[in-house]
Amino acid sequence: MVFMAILIPVVMQGLSLANLASVFAERKRMAAFLAHGKLNEIVSTESWSFSSNRGDFSPEYAMYQWELLQSGWEQDNMQELTCVVTFQVQGKEHQIQLSTLVEDAP
């Protein structure tokens, strides 16, 4: 009986940790997918210089927010675009970043 009293909390902690890891992995995968799509949309429409630089993925993925960061590239006439997607797992905020280079507008 003492063995079970020790074993059950350890097993439950292990299951809880495994669940947290799977939720984090799934949300991170979805954030990367959404960042890729948003970055492709921004680059293909060439809207990085005149459209909003933040928002969310409402209504389907409202828990994910995005922000577009721009910085000059030292070589050639390029801009670095970085899409930062923020999401929460158990009350903690996490984010991923996906970047690409685009030709600077003349």
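Rule-based calculations on the coordinates, nothing more; no lab input. Here the structure is a predicted model, which means the values were calculated and not measured. For neighbour counting, all protein chains shown are included, and Cβ atoms are generated from backbone atoms with ideal geometry for every residue, glycine included.
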Listed by first then second residue, the pairs whose first member lies in region 1-22 and is touching a residue at least 40 places away in the same chain (Cβ under 8 Å) and over 18 Å from Val89 (Cα atoms), whose partner is surrounded by 10 or more Cβ atoms within 10 Å (Cβ to Cβ) and not charged (D, E, K, R), with beta carbons under 9 Å and at least 6 positions apart or on separate chains, are none
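Return yes or no: is Ser44 over 20 Å from Ala25 (Cα atoms), of a type in the set (Ser, Thr, Tyr) and out of contact with any Leu (no Cβ under 7 Å at 6 or more places or on another chain)? Walk me through how you get there before you give the answer.
Numbers: over 20 Å from Ala25 (Cα atoms): yes; of a type in the set (Ser, Thr, Tyr): yes; out of contact with any Leu (no Cβ under 7 Å at 6 or more places or on another chain): yes.
Against the criterion (over 20 Å from Ala25 (Cα atoms), of a type in the set (Ser, Thr, Tyr) and out of contact with any Leu (no Cβ under 7 Å at 6 or more places or on another chain)), Ser44 qualifies.
Scan region 35-76 for residues that are touching a residue at least 40 places away in the same chain (Cβ under 8 Å) and of a type outside the set (D, E, K, R) and report the count. Show your work before the answer.
Taking region 35-76 first, the residues touching a residue at least 40 places away in the same chain (Cβ under 8 Å) are 35-36, 38-39, 42-43, 46, 48-49.
Pick out the ones that are also of a type outside the set (D, E, K, R) and you get 35-36, 39, 42-43, 48-49.
Of the residues in that region, 7 qualify.
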